[in-house]
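Chemist: I have a structure here, written as structure tokens, and I will follow up with some questions on it.
The values are calculated or read from the model by the stated rules, or taken from the named source; none is laboratory data. Because the structure is predicted, anything quoted here is derived from the model rather than measured. Cβ atoms come from the backbone with ideal geometry, glycine included; neighbour counts cover every protein chain shown. Keep in mind that these areas ignore ligands, DNA and RNA; they rest on the heavy atoms of the full protein, side chains included. Shrake-Rupley method; radii C 1.70, N 1.55, O 1.52, S 1.80 Å.
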Amino acid sequence: MKQVITNNYEETIEFGYKLGLLLNSGDCLLLAGDLGAGKTTFTKGIGKALGITRVINSPTFTIVKEYHGKYPLYHLDLYRLDGLGSDFDLEEYFESDGITVCEWPDNVSEIIPNEYLMVEIFRSELDKRIIRLTPKGNRYEKIVGDLDE
Ligand code: ADP
Ligand code: MG
């Protein structure tokens, strides 16, 4: 487990960027935190690290947005998803060679891979956020370890 504090929006993007530089094809990140915590902001930083130039924003009515950079980025926002419907084959994204970043993963706990990086964002005072990384599996432990270097 690793925890960092960001003092504003820009610092959260910067931290997402740093983490994004360490990602590889097939990686999976789960983002937890209340609405407005900064999950999408963090994803913007990841996108920047992947060289994605399109603006990454909250997919309000879209469950999945796909971006093209160094690797494909699948940004899933499952806030509105109430359990697994038959219309979506979300499993496909988690198993893909792209990078999958999933907001509100609890709504699809059945299809979450065994290994992933959990990123929890908590609001602190004013614009401060506490970002906690919990790796599950060797691959993600390495990423979190590499962040310190
Ligand atoms: P989520 O995806 O978790 O619902 P967003 O990233 O869309 O959240 O929104 C976060 C909001 O909080 C933005 O309006 C942003 O400007 C604001 N904010 C304030 N301080 C921070 C911070 N330290 N990190 C990220 N966002 C922050
Ligand atoms: Mg969001």
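Chemist: Considering only the other residues whose Cβ falls under 14 Å of the Cβ of residue 6, what net charge follows from Lys and Arg at +1 and Asp and Glu at -1? Before the final figure, lay out each step's value.
Modeler: On the way: positive: 2, 18, 39, 44, 123, 128, 129, 132; negative: 10, 11, 14, 120, 125, 127.
Once all neighbours under 14 Å are counted, the net charge is +2.
Chemist: Test of understanding: in a Gaussian network model of the chain with alpha carbons linked when under 10 Å, which of 72, 113, 105 would top the mean-square fluctuation ranking?
Modeler: Per the Cα network of the chain with a 10 Å cutoff, 113 tops the list.
Chemist: Give the accessible area for residue 58 in Å² (nearest 10); use a 1.4 Å probe, count only protein heavy atoms, and leave out ligands, DNA and RNA.
Modeler: Spelled out: residue 58, probe radius 1.4 Å, area about 60 Å².
Chemist: So what's the back-of-envelope 222 nm ellipticity for the chain, counting only DSSP H runs of four-plus at -39500 (n - 2.57) apiece and dividing by all residues, rounded to 500?
Modeler: Working: 4 runs with 37 residues, N = 149.
So the helix-based figure for the chain works out to -7000 deg cm²/dmol.
Chemist: If the elastic network links every pair of Cα atoms under 10 Å, which of 61, 15, 42 fluctuates the most in the Gaussian network model of the chain?
Modeler: Checking each option, the largest mean-square fluctuation is seen for 61.
Chemist: For residue 27, what residues show an amide H to amide H distance below 5 Å, using hydrogens built from the backbone and excluding near sequence neighbours?
Modeler: Amide H to amide H, under 5 Å and 5 or more residues apart or across chains, residue 27 pairs with 100.
Chemist: On to the next question. Got a sec? Charge dipole of the chain, +1 on Cβ for Lys and Arg, -1 for Asp and Glu; which of 105, 1, 81 is way out at the positive end?
Modeler: 1
Chemist: Between 19, 29, 81, find the one with the highest GNM mean-square fluctuation for the chain; connect C-alpha pairs within less than 10 Å.
Modeler: 81
Chemist: Here's another thing I want to ask about it. Over the chain, what is the relative contact order in whole percent, taking alpha-carbon pairs under 8 Å and six or more residues apart?
Modeler: On the way: 298 pairs, mean separation 47.9, N = 149.
Reported as a whole number, the value is 32 percent.
Chemist: Taking amide hydrogens as modeled 1.01 Å from N in the peptide plane, which residues meet the under 5 Å criterion relative to residue 69, leaving out close sequence neighbours?
Modeler: Close amide H contacts, sequence-distant or interchain: none at all.
Chemist: Now for a separate question. Based on the alpha carbons, how large is the Rg to Rh ratio for the range 1-140 when Rh follows Kirkwood?
Modeler: Details: Rg = 13.9 Å, Rh = 14.9 Å.
Across the range 1-140, the Cα-based Rg/Rh ratio is 0.93.
Chemist: Under a Cβ-only charge scheme (Lys and Arg +1, Asp and Glu -1), can you give me the dipole magnitude of the chain about the Cα centre, in debye to the nearest 20? Intermediate values should be presented prior to the final figure.
Modeler: Numbers: 16 positive and 25 negative charges, 107 e Å.
Charge dipole of the chain: 520 debye, to the nearest 20.
Chemist: Using a 1.4 angstrom probe and counting only protein chains, how large is the accessible area of residue 106 in Å², to 10?
Modeler: Taking all protein chains as shown, residue 106 has close to 130 Å².
Chemist: Another question, if that's okay. With all protein chains present, calculate the accessible area of residue 4 using a 1.4 Å probe and round the result to the nearest 10 Å².
Modeler: For residue 4, the solvent-accessible surface is approximately 30 Å².
Chemist: Starting from the alpha-carbon convex hull of the range 14-67, give the projected area averaged over all orientations, in nm². Before the final figure, lay out the partial values.
Modeler: On the way: hull surface 15.8 nm².
Mean shadow area of the hull around the Cα atoms is 4.0 nm².
Chemist: Considering only DSSP beta bridges where both residues belong to the chain, give the percentage that are antiparallel (nearest 5). Please report the intermediate quantities before stating the final value.
Modeler: Values: 18 of 31 bridges.
That works out to approximately 60 percent antiparallel.
Chemist: Compute the distance in nm between two label points, each set 7 Å from the Cα along the Cα-to-Cβ direction, one at residue 115 and one at residue 70.
Modeler: Simple spin-label model gives 1.9 nm for this pair.
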